[in-house]
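Notes follow once the structure below has been shown.
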Amino acid sequence: MTWAGRFRRLAPVTALAYEAVEFDTQRLRNPEVSGIQYQQGTLQGYTVRAYVLQKWDYACAYCGSKDRLTLDHVIPRSRHGSDAVTNLVCACYGCNQRKGNRRVQEFLAKKPTVLKRVLEQLKKPLRDASAVISTRPALHKALGEVGLPLTVGTGAETSYIRHRLKLPKSHVVDAACVALTGTLKGEWFKPLLVVCAGTGRYQRVRTDRFGFPKAHRVRVKRPFGFQTGDLVRYGKVIGRTAVRMTGFFSFQHKHQNFNVKWSKLTLVQRSDGYLYC
């Protein structure tokens, strides 16, 4: 809702459209649940597939590839494995073929680190799905009170439209496919990515693993006119900074940190709780 207000202040927005994502937790836990609503329809199967892809970050669980992704049964169906989401992983076509009807313990016997990660990820609960389901009605109500025409699309419809138009999986493509009725034309450009990063912590004392205090946070939030999270320029490079009372700040650029004196930094944008890239 914060960004809906920002967009309305920056541009003449005349209508709103949002994706009402919903996961059927009953079907996620038991895909073989009976009922004609689960057996027929053009969008059949998209709910489980979308959930598994999101759970494994749209990458192969075995090699990390993002090409030709399929769903693989950890315990093969030929060995009485179920279709439950706890037995499904995201796998590329090559890994799926090489694994065959072997169990994941046999397939990853020479990769214990990967095997441990896969088994831990399989036990991930449905907390995210529950959070999405519980907040969806509140978001729908809040957007409806804005006063603009509101178009609602579902996650299954968005996925179906993307597959029908043979478009790649990305956030910007999904956003364009929400409640889309026509076709998409033109070239895709690189969008502005916005990530919620917060504005700091309330905890004033850092503790060790036993719970004993080991350091205290400074009470001055902006030493030398800067604060943690500010976007700054160092020479011709722009990055984020973490302040220190010594005057030598941590400058982050492309996942690398450097210690830079505060006088060599130029403020580009104040920290507002978001990261832009």
Task: In nm, spacing of pseudo-spin labels at Cys63 and Arg204 (7 Å Cα→C-beta vector) - done: 5.5 nm
TODO: Using the number of other C-beta atoms within 10 angstrom as an exposure proxy, rank Leu108, Leu192, Leu267, Leu180 with the fewest first.
DONE: Leu192, Leu267, Leu180, Leu108
Task: the stretch 161-179-the stretch 75-136 distance, computed between alpha-carbon centres (Å) - done: 25 Å
Task: Proximal lysines relative to Lys190, as straight alpha-carbon distance under 23 Å, when same-chain residues fewer than 8 apart are discounted - done: Lys66, Lys166, Lys169, Lys236, Lys254
TODO: Hey, could you get me the Stokes-Einstein D for the stretch 196-276, Kirkwood radius over alpha-carbon pairs, 25 °C and 0.890 mPa s, rounded to whole µm² s⁻¹?
DONE: 180 µm²/s
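Only the coordinates and a few stated rules stand behind these numbers; no lab work does. Note that the structure is a prediction, hence the values are computed from the model and not measured. Note that each Cβ is placed from the backbone with ideal geometry, even for glycine, and that neighbours are counted across all protein chains shown.
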